[in-house]
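The values are calculated or read from the model by the stated rules, or taken from the named source; none is laboratory data. As the structure is a prediction and not an experimental result, all values here were calculated from the model. Methodologically, a virtual Cβ is constructed for each residue, glycine included, from the backbone with ideal geometry; neighbour enumeration extends over all protein chains shown.
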Amino acid sequence: MNITFLGAAQPCEVTGSCYLAETADTRFLVDCGMVQGRREAPARNRKPFAFDPESINFVLLTHANTSSWRPLSPRSWRP
């Protein structure tokens, strides 16, 4: 299994949790959160994902709030 830390992985960063786990036949996320609290948060939340959302088999949420979850579909976003 390979795990890639994509969010909440910087010093003093606790929002935007997102971890990509990959096995030979499965790709899933542990959380996929929004960055919150700083001026650059809206711009960071609009950046493309570092992975292809269509390739994700499922998302495992550790808890239900926006620091751990955001929509994977661009159609879900509002400007």
Residue in region 30-40 that is assigned to a helix (DSSP H, G or I) and either at pLDDT 80 or above or surrounded by 12 or more Cβ atoms within 10 Å (Cβ to Cβ) (or both) present: no
Condition check for residue 48: in a helix (DSSP H, G or I), loosely packed, with under 15 Cβ neighbours inside 10 Å and at pLDDT 80 or above: no
Identity of the residue in region 12-29, touching a strand residue (DSSP E or B) at 6+ places or on another chain (Cβ under 6 Å) and not in a loop (DSSP other than H, G, I, E, B), that ends up modelled with the lowest pLDDT: 18
Residues satisfying the stated conditions in region 57-79, i.e. modelled with pLDDT of 80 or more and either farther than 16 Å from residue 7 by Cα or hydroxyl-bearing (Ser, Thr, Tyr) (or both): 57, 58, 62
